[in-house]
Amino acid sequence: MPDSRSIEAAVLSDYGQPVAITRVSLDPPQAGEVWVNMVSAGICHSDVHVITGDLPLPTPTVLGHEGSGIVESVGPGVTHVHPGDRVAITWVPACGRCWWCVNGQPELCAKANDAAVSGKHADGSTRLHWHGAPLYPFSSAGTWAEAAVVPAASVIPIPDALGFEEAALLGCAVQTGVGAAWRSPLRPGDTVAIIGCGGVGLNIIQGARIRGAATIYAVDPSPVNRQLAQLLGAHFVLDPASADPLAALLELTQDRGVDVAFEAVGDPDLIALTFAATRRGGTAVVVGVPTPNATVSLNAFAFPSQEKTLTGSWFGGSYAPRDVPRLIALWEHHQLQLAPLIQHRYDLAFVETAVQELQHHPAGRSLLRITHSSGVSRATSDS
């Protein structure tokens, strides 16, 4: 078991500040924890929400909640991975014992979601320290670093054939998007609309395609995202800057609306649009994460008179030990595409540039490539 070690990490000292690369201290894994030397990490809009203060979580923090790497060591009681294993890191490490886990909703696990908010491990402490004070990992992960100590339930083995970059996407974007489609009322032959085609929305498209949707409409202002949407399964793409997307969706469905619509941005106005684009008896699913105090104005009469359903999807209803292997199997059988999702790659040293690019020019998914200083065993990416 290693001693505490100095590593490089991307630290957000406070809301609105630049993300800076600095050296921090990482403690060894305790019972039920795993030390992973990071190779690749995804950059998500949720990370940006923390940076801007729209998602007010404890600071200072090491951001990043999806990634991949190589196991260096494990704490007592960990048996499903071993040193040298290639793994993906995910978030919402369900405890399996709380009311939500026992009743089939592990994505709502009280223990995991409380830890994600507090930035602390199960024992109430942190494994990261900066200037002698606690440093909080975002969503129990903190993957924007040379290494991370995470709950064992966050670590999923990956096959040798799967590149580290593609595996990193499984941690959040793919599970959230594909899972949202899988666990919606979507049936084979349905018409579907996805509002917002970033990293999550593109995977909703994939999930809908795999589920058997007959017609998939995708709405996004980015030409790159619209092109990716078509590549991944959308039949029609709409530019909201060129035409009113609600009017267009109603026209394309003979004024009926779609069977199931997904909002993948977290914008209250787009949630209202998604609801309005749904047919009578249909379902609108909110997958994007709004700011905590955001509110939505809807026509309440539509609920009883049109029997519409508005529901949410948290982390795609996923349970990583079950769903990541399923997603890997779909990738192995060429039903799930991962490589096209990756549009930008940045070295860890340029994380602030990556964040700025995501805020102003979002397209697909962006990844951090993580190499290692002499203080951490080097893990080499095969992607």
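Read the figures in this text as sums done on the coordinates, not as results from a lab. Keep in mind that this is a model prediction, so the values were computed, not measured. All Cβ positions, even for glycine, are placed from backbone atoms using ideal geometry, and neighbour counts span all protein chains on display.
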If each residue of separation counts as 0.36 nm, what is the full-extension length gain between R280 and N299 once their alpha-carbon separation is subtracted? 5.5 nm
Quick one: among I205, I89, I51, which has the greatest mean-square fluctuation in a GNM of the chain with alpha-carbon springs under 10 angstrom? I51
Of H372, H82, H131, the one that fluctuates the most in a GNM where the chain has Cα springs shorter than 10 Å: H131
If Lys and Arg each add +1 and Asp and Glu each add -1, what is the summed charge of the other residues whose beta carbon sits under 13 Å from the beta carbon of L170? -1
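Hey, any idea what Rg/Rh is for the chain, computing Rh the Kirkwood way over Cα pairs?
0.97
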Once both label points are put 7 Å beyond Cα along the C-beta direction, the S6-E251 separation in nm becomes 6.3 nm
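As a test of understanding, state the convex hull volume per residue of the range 62-206 from its alpha carbons, in Å³.
Details: hull volume 20.8 nm³, N = 145.
Output value, Cα hull per residue: 143 Å³.
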Projected area averaged over orientations for the range 184-312, convex hull of C-alpha atoms, nm²: 7.2 nm²
Exactly which chymotrypsin sites (Phe, Trp or Tyr not before Pro) in the range 261-308 are in a DSSP loop and have at most 15 other Cβ atoms within 10 Å? F301
Obtain the nm distance between the two label points defined at A31 and V102 by a simple spin-label model: each point lies 7 Å from its Cα along the Cα-to-C-beta direction. 2.1 nm
Would you calculate the volume per residue, in Å³, of the smallest convex hull containing every Cα atom of the range 293-363? 221 Å³
Under 10 Å, Cα contacts only: if you run a Gaussian network model on the chain, which one of A302, A241, A218 comes out with the highest mean-square fluctuation? A241
Contour excess over end-to-end distance, with Cα ends at Q359 and A329 and 0.36 nm allotted per residue: 7.5 nm
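Mean shadow of the range 1-107, computed from the convex hull of its alpha carbons, in nm²? Before the final figure, lay out each step's value.
Working: hull surface 31.8 nm².
Result: a mean projected hull area of 7.9 nm².
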Hey, what does the equivalent ellipsoid look like for the range 130-203, semi-axes from the Cα gyration tensor as sqrt of 5 times each eigenvalue, largest first, whole Å? 32, 16, 12
Given the -39500 (n - 2.57) contribution per DSSP H run of 4+ residues, what per-residue ellipticity at 222 nm results for the chain, rounded to the nearest 500 deg cm²/dmol? -7500 deg cm²/dmol
FRET efficiency for T22 and S125 from the Cβ-Cβ distance with R0 = 30 Å, rounded to 0.05, comes out at 0.90
